[in-house]
1. Any residue that is buried (at least 16 other Cβ atoms within 10 Å of the Cβ) and modelled with pLDDT under 95 - is there at least one of those in region 251-264?
2. Before we move on, is residue 137 under 19 Å from residue 97 (Cα atoms), surrounded by 17 or more Cβ atoms within 10 Å (Cβ to Cβ), in contact (Cβ under 8 Å) with a residue 12 or more places away in the chain and β-branched (Val, Ile, Thr)?
3. Do you know which residues across region 89-130 are acidic (Asp, Glu), buried (at least 19 other Cβ atoms within 10 Å of the Cβ) and farther than 10 Å from residue 79 by Cβ?
4. Does any residue of region 69-92 turn out to be in a loop (DSSP other than H, G, I, E, B), closer than 29 Å to residue 211 by Cα, in contact (Cβ under 8 Å) with a residue 60 or more places away in the chain and aliphatic (A, V, I, L, M)?
5. Might you let me know whether region 225-236 holds any residue that is in contact (Cβ under 8 Å) with a residue 40 or more places away in the chain, outside any strand (DSSP E or B), touching a helix residue (DSSP H, G or I) at 6+ places or on another chain (Cβ under 7 Å) and open to solvent by 10 Å² or more (accessible area, probe 1.4 Å)?
6. Among the residues of region 199-221, is any in a loop (DSSP other than H, G, I, E, B), modelled with pLDDT of 95 or more and on the phi > 0 side of the Ramachandran plot?
7. Any residue in region 187-201 that is within 18 Å of residue 264 (Cα to Cα) and open to solvent by 40 Å² or more (accessible area, probe 1.4 Å) sitting within a Cβ distance under 6 Å of a residue that is not aliphatic (A, V, I, L, M) and not in a helix (DSSP H, G or I)? List the pairs, counting only those 6 or more apart or interchain.
8. When both residues are 6+ apart or on different chains and their Cβ atoms are under 6 Å apart, which pairs have a first residue that lies in region 100-120 and is assigned to a helix (DSSP H, G or I), and a second that is open to solvent by 40 Å² or more (accessible area, probe 1.4 Å) and at pLDDT below 90?
Amino acid sequence: MMKRLMAAVVAVLVLVGLSIGLAQAIRTGEQPQASQQPPENKAGTASNNERTPAAGNQKSAMDLMEQAAKDNKYLFGFFWKSDDEKTAAMKKVFEDAVAKVSERANTAIVRVTDSAEREIVKKFGLDRAPMPLALAIAPNGAVMGGFPGEFTEEALVNAFGSRSTEKCMKSLQDGKLVFLCVQNDSTELNAEALQGVQEFKALAQYASFTEIVKLNPADAAEASFLSDLKIDPQTKVAVTAFLAPPGVVIAEFEGATQKDQLVSTLLQANSACGPGGSCGPSGCGPR
């Protein structure tokens, strides 16, 4: 399993199947707004489990999620349920982490028992997730990191991914197969590498379950992703990585690809997978 995808895969598994989770946001430099923030300690806290947002400028998690996407920023969400010491401690870790990346990420703190947040809880199955839970969500909605229970500032701060990683994770979390096509004007056999991929995607049984993502190996921002995939950024020939949910590289091809070869690769991977198998709770993808 590639390092860059591991935290995102954890998020997928935490939120059951291929569900994704996210929440509410704030502007850089502002104090976190929240549906309800967890108390610093138990003393003096309200006992009710159903709370409504305060009047004024507070917004629901869904509204703040949309705003984060419009800002082209990450959304770091902290989800909680119980008024206990662990929640307070992890909230402090969360706040310290997001303060360091406030220019790149908006922030959300949501109590999952808040009646005003039923939509976000239902949408992402947060009622079944272990609490407290921190999520790092890219502008396109991909969960780039899921941190249940205890986590560190470093883990959160390092949850950002490249644009190609974000695109791949969004598709994988939507339950799709992904062909990551590593090529640019300097690589050879570009058209030949794309031919099999495009023919595979044209097949009726795979068309709606397949995404093609192109990555320029000369893009310095993609260096970490390429390193995780063990693909040389100086490659002289186009390389194609075949990814399956929740974040498995089932094959890599240098140069030309062929439709039948890709179908065979998928079927072989599926034969070794299944519920609870090495490819995750949903296997390797559509058969």
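1. no
2. Details: under 19 Å from residue 97 (Cα atoms): yes; surrounded by 17 or more Cβ atoms within 10 Å (Cβ to Cβ): yes; in contact (Cβ under 8 Å) with a residue 12 or more places away in the chain: yes; β-branched (Val, Ile, Thr): yes.
Yes.
3. Of everything in region 89-130, just one residue is acidic (Asp, Glu), buried (at least 19 other Cβ atoms within 10 Å of the Cβ) and farther than 10 Å from residue 79 by Cβ, namely 114.
4. There is no residue in region 69-92 that is in a loop (DSSP other than H, G, I, E, B), closer than 29 Å to residue 211 by Cα, in contact (Cβ under 8 Å) with a residue 60 or more places away in the chain and aliphatic (A, V, I, L, M).
5. yes
6. Within region 199-221, not a single residue is in a loop (DSSP other than H, G, I, E, B), modelled with pLDDT of 95 or more and on the phi > 0 side of the Ramachandran plot.
7. Taking only residues 6 or more apart or on different chains, the pairs are 201/210.
8. Between residues of region 100-120 that are assigned to a helix (DSSP H, G or I) and residues that are open to solvent by 40 Å² or more (accessible area, probe 1.4 Å) and at pLDDT below 90, the close pairs are 115/50; 116/52; 116/53.
The values are calculated or read from the model by the stated rules, or taken from the named source; none is laboratory data. Predicted, not measured: the structure shown is a model, and the values here were computed from it. So basically every Cβ, Gly included, is an ideal-geometry build from the backbone, and we count neighbours across all protein chains shown. Just so you know, the surface numbers come from the protein's heavy atoms only, side chains and all, with ligands and any DNA or RNA stripped out. Shrake-Rupley method; radii C 1.70, N 1.55, O 1.52, S 1.80 Å.
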